[in-house]
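Visitor: Just passing along the structure, written as structure tokens.
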Amino acid sequence: MAALDETLAPGEGRNDHKDLIAADARHVLHPWADLSAMSDEDALVVQDAKGVHVQDSEGKTYLDAIGGMWCMTVGYGRDELVDAMADQARKMTYYTPFGDVSSEPAARLAQKLAELSPGDLNRVHFTTCGSTAIDSAVRIAHYYHASQGQPERRHVLSRKNAYHGSTYLAASLCGKAADRTLFQYEKDFVHHLSSPGYDADIAEESSEQRLAELLAEMEAKIEELGPETVAAFVAEPILASGGVLVPPEGYQKATRELCAKHGILYISDEVVTGFGRLGHFFASEVRFGIVPDMIITAKGITSGYQPLGAVLISDRIADAIGESAPENKPVFSNGYTYSGHPVACATALKNIEIMEREDIPGHVREVGPYFMKRLRELTDLPIVYTVRGDHLMACVECWTGEEAGPTAKNMALAQRVDSYCQSAGLLVRPYENLCILSPPLIVGRAQIDKIVTILEDALLRAAKDLACGAFE
């Protein structure tokens, strides 16, 4: 893989830093904002980025160990991607995707995704992001069952600690307790099974026992609802935002078989695990031995350079829908103004070209185990409860040595670790009592060493604070 020039220019000639902070505090409502501190002037305003580094409005450079939001694949500042965006915008910025209208980038990208995807997932429905893709997949599942004369199949199974997006239906499918606030959620047909995470370092039971329990619970829920009423099971292969939770060995294949047994559609949410983060364009088949009925993708499909999502649908499902469409109303009434946006699709095509040419997935397969090995060296530190993950998605769970989990003291401790990391020029993602890491896929061994060195120092400093009674 060719090395990138990651030189960032000194922070000269920038907009006034204090004015930017004030404007942000007064006018921007951020995703997942702390509403009690909404007007605080403490935002990190990022103005430049190159390779695996970003630079703030004061000129300070950080190693971005979270890859933006899981989405930075080939690195910041890729001229090829910028040129692809500009070239398509000059040629044709936009035209409606509705009905029988398409664009060259959308058609070529759909063809390429069909080549990359497992099995017969050859039909692509473009959306704007992962949330709208999840919504679309569930609607497709409902439409499919109704078209087959089974409109009573409407219930959807998800899991606790799952994250699938923030539109109404996607947020209802999410199982993160911390995200349930004063909004309204679908409670009629959405059901959450137990979180499937299994960590051998802290587990009190074997992987086989945990798998058996999870499958028994899923079977029981299906029987309780009635197999003939369940439409789909929505599942991340590894639960990302919920804490990088890795299910026990064989879980994905066993749940796929259970779904097939009862005629339930299996929707694999690969928004995070797809496009190289686990070392493959799609992880479902090559890593977990399954070919789902649908795969959701977004984020890494464009390396975050443009917003784009997609549902990959099996020919079996798509053909059945087409053959059973009602004569009086054969309309697939789902889609978005920016579905298959030409600029976004052109960016995705160039992103895939770069990934294939530089073998980004192969690079991840080479450095991913090293990343996890180095991180696991932190498990002996006193405030590290556990380290878990897979290739370039990982988390360090912090604790005070008392009760484990997202207690107030554990969360304050993790926030302190995050603060020390940021001060030292490293960005990690704090969530509850976790420090989540998902660096750009071009990260090298030297940069991995730097991540671990800074994180270790931050953990040691936070442990010293704990010993001095800072969190009492």
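Visitor: Among M92, V45, T73, pick out the residue whose Cα is farthest towards the positive end of the charge dipole of region 32-96, where Lys and Arg carry +1 and Asp and Glu carry -1 on C-beta, about the Cα centre.
Guide: Selected residue: M92.
Visitor: OK, next. Quick one: order W399, W70 from most to least accessible surface, probe 1.4 Å.
Guide: The ordering from most to least exposed comes out as W399, W70.
Visitor: Then there is this: Give the accessible area for T337 in Å² (nearest 10); use a 1.4 Å probe, count only protein heavy atoms, and leave out ligands, DNA and RNA.
Guide: Rounded to the nearest 10, the figure is 80 Å².
Visitor: How big is the chain on each of its three principal axes, counting only the C-alpha atoms and giving the largest first in Å?
Guide: Here the spans come out as 70, 58, 44 Å, largest first.
Visitor: Something else: Express as a percent, rounded to the nearest 5, the fraction of DSSP beta bridges in the chain (both residues included) that run antiparallel.
Guide: 65
Visitor: If you don't mind, another one. Spelling out what I want: for every residue of region 437-452, take phi, set θ = phi - 60°, compute 6.51 cos²θ - 1.76 cosθ + 1.60 (Karplus), and round to whole Hz; glycine and proline get x.
Guide: So the J values, rounded to whole Hz, are 10, 8, x, x, 6, 8, 4, x, 4, 5, 6, 4, 4, 5, 4, 5.
Visitor: On a straight-distance basis, which aspartates and glutamates could pair with K261 in a cross-link, Cα separation under 14 angstrom, same-chain partners fewer than 8 positions away excluded?
Guide: Leaving aside aspartates and glutamates fewer than 8 places away in the same chain, those within reach of K261 are E219, E223, E228, D293.
Visitor: A further question on this structure: Nearest 20 debye, what's the magnitude of the dipole of region 310-403 about its Cα centre given +1 on Lys and Arg Cβ and -1 on Asp and Glu Cβ?
Guide: About 160 debye.
Visitor: Now for a different question. Pairs of Cα atoms under 8 Å, at least six residues apart: use those to get the relative contact order of the chain, whole percent.
Guide: Values: 915 pairs, mean separation 94.2, N = 472.
Computed over the chain, the figure is 20 percent.
Visitor: Can you tell me the order of 87-94, 165-172 when each peptide is scored by its average per-residue count of other Cβ atoms within 10 angstrom, highest first?
Guide: The densest-packed peptide leads the list: 165-172, 87-94.
Visitor: Using a 1.4 angstrom probe on heavy atoms only, work out the carbon and sulfur share of the accessible area of the chain in %.
Guide: 51
Visitor: Oh, and also: Just how far, in whole angstrom, is region 34-101 from region 103-153 if you go by their alpha carbon centroids?
Guide: Here the two parts' Cα centres lie 26 Å apart.
Visitor: Taking the mean number of other Cβ atoms within 10 Å as a proxy for protection, how do you rank 451-459, 340-348 from highest to lowest?
Guide: Ranked by mean Cβ neighbours within 10 Å, highest first: 340-348, 451-459.
Visitor: Right, next: Kindly report, to the nearest 10 Å², the accessible surface of D201 as traced by a 1.4 Å probe over protein heavy atoms only.
Guide: Ignoring ligands and nucleic acids, D201 comes out at about 90 Å².
Visitor: Here is a follow-up. List the aspartates and glutamates whose Cα lies under 15 Å from the Cα of K176, skipping any in the same chain that are fewer than 8 positions away.
Guide: E186, E236, E432
Visitor: With all protein chains present and a 1.4 Å probe, how do E358, E204, E217, E223 order by accessible area, largest first?
Guide: E204, E223, E217, E358
Visitor: Using Cα-Cα distances under 8 Å and only pairs 6 or more residues apart, what relative contact order does region 248-318 have, in percent?
Guide: 28
Visitor: Could you provide, to the nearest whole Å², the per residue accessible area of the chain with probe 1.4 Å?
Guide: On the way: 20620 Å² over 472 residues.
Per-residue value: 44 Å².
Visitor: With only Lys, Arg, Asp and Glu charged, each at its Cβ (+1 for the first two, -1 for the last two), find how big the charge dipole of region 35-120 is about the Cα centre; round to the nearest 20 debye.
Guide: 320
Visitor: Expressed as a rounded percentage, what relative contact order does region 301-427 have, with Cα pairs under 8 Å and six or more residues apart?
Guide: Reported as a whole number, the value is 16 percent.
Visitor: What ranking do 292-302, 359-369, 431-441, 320-330 get when scored by the average of other Cβ atoms within 10 Å per residue, highest first?
Guide: 292-302, 431-441, 359-369, 320-330
The values are calculated or read from the model by the stated rules, or taken from the named source; none is laboratory data. Remember, predicted model here, so these are calculated numbers, not experimental data. Here Cβ is always computed from backbone atoms with ideal geometry, including for glycine, and neighbour counts include all displayed protein chains. These area figures cover heavy atoms from the full protein model, side chains too; ligands, DNA and RNA do not enter into them. Shrake-Rupley method; radii C 1.70, N 1.55, O 1.52, S 1.80 Å.
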